[in-house]
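Accompanying notes for the structure given below.
The values are calculated or read from the model by the stated rules, or taken from the named source; none is laboratory data. All values reported here derive from a predicted model rather than from experimental measurement. Quick reminder, even Gly has a Cβ in these numbers, built from the backbone with ideal geometry, and neighbours come from all protein chains shown.
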Amino acid sequence: MKDYAALKIEDDIPRDDELTFRFICDTVGDGAWVRMVGSNMSSGGHHDTSKAVYTYVYSKSSTDITTDYISYDKWGVADLNYRGGKMGYFRGGWVDGRFVNEWRMFEKGAKFEDHPNCDIYLPDREIPLISYVTGYPYNYDEKKYELRYTVDEIKTEKKNIRYVYNSDDDMWYAAVDEIAGGCASYAVAKTLVENGLLDASYLGMLSLTRDQVKALNVDRNTDTIPSQGYIFDGTAVPGTPFGFAYILGDVDTNGEIDAVDASFIRRVSASLDTPLAADEITHGDVDKDGNTDITDATAIQYYLADMRTAYRIGEVTKVK
């Protein structure tokens, strides 16, 4: 997927018979487990789906300025991008209670004691976005220019954050590339605290102690394979979800079936809207014929009108 994402593609429009980088990015979103084929060496170069492995990939959108600063070596960010964003894969760290090794594969059974100083990826962490400006006013008494900080704005926001280990003080700090551009890193925030410009409580929001890491139980899911994700190993249509519960007929996954779902299908069928993603196809395929089309839209409209339908619209289903 990384090699594919790095290709220069002039026309990256999703098509039914082709797998595109745009489709992959739209499918995994901010981060998801992906089931792929790990190796085909033992099968003489043939596609061997028995070698399926799990890896963690994510997409960064162009609206996220931190995209430009992700380390290629550490995160495997693709060379080229989609809409200014980049696809990355996790490597050498803890995510979702599991360890992803240097080969970018989920390592079943790995314990925190085996990898005690690796990066830790945590979703929905509330961190401070501290905007500041610097200046170099002239100190006439000292006869030199001095660096001065001014805090411009402080707000908090929930973000997916990678914490990087620092051996100097046995701590983990929010990676600079995960904080919005122009906002203070832990190091800058510490300087602001020392200068009396910032409350010290913000430092705790940008760091993790070893005791805090231990309390997170970062290896809590190490003995179980990911229960939710997307299939890209050749055993199903690329991007097919597994492990997710969904409401049959709820195409836009807003938790209810309404006229918008039927209208969305009709617009896509008439090529008036973006083609459906793999999970949307699954949710909208109420007649279970492998396609989401006008027939499904009509069935949903019948359901909404309280008319008899042979399909199990509204049933909560879990994708295996």
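In the set GLY249, GLY290, only one residue is part of a loop (DSSP other than H, G, I, E, B), at pLDDT 80 or above and over 17 Å from ASP26 (Cα atoms); that residue is GLY249. Report, by residue number, each residue of the stretch 194-211 that is without any contact (Cβ under 8 Å) to a residue 60 or more places away in the chain and under 19 Å from VAL176 (Cα atoms). Once the filter is applied, which keeps residues that are without any contact (Cβ under 8 Å) to a residue 60 or more places away in the chain and under 19 Å from VAL176 (Cα atoms), the stretch 194-211 yields ALA200, SER201, LEU203, GLY204, SER207, THR209.
Screening TYR303 against (1) at pLDDT 75 or above; (2) not in a helix (DSSP H, G or I) leaves a single unmet condition, (2). Among the residues examined, ILE265 does not qualify as under 27 Å from the mean Cα position of the chain (by Cα), modelled with pLDDT under 80 and of a type outside the set (Ser, Thr, Tyr). Quick one: would you say SER131 is touching a Gly at 6+ places or on another chain (Cβ under 8 Å), of a type outside the set (A, V, I, L, M) and farther than 23 Å from ASP30 by Cβ? Against the criterion (touching a Gly at 6+ places or on another chain (Cβ under 8 Å), of a type outside the set (A, V, I, L, M) and farther than 23 Å from ASP30 by Cβ), SER131 qualifies.
Only a single criterion out of (1) buried (at least 20 other Cβ atoms within 10 Å of the Cβ); (2) at pLDDT 90 or above; (3) among the charged types (D, E, K, R) is not satisfied by GLU153, namely (1).
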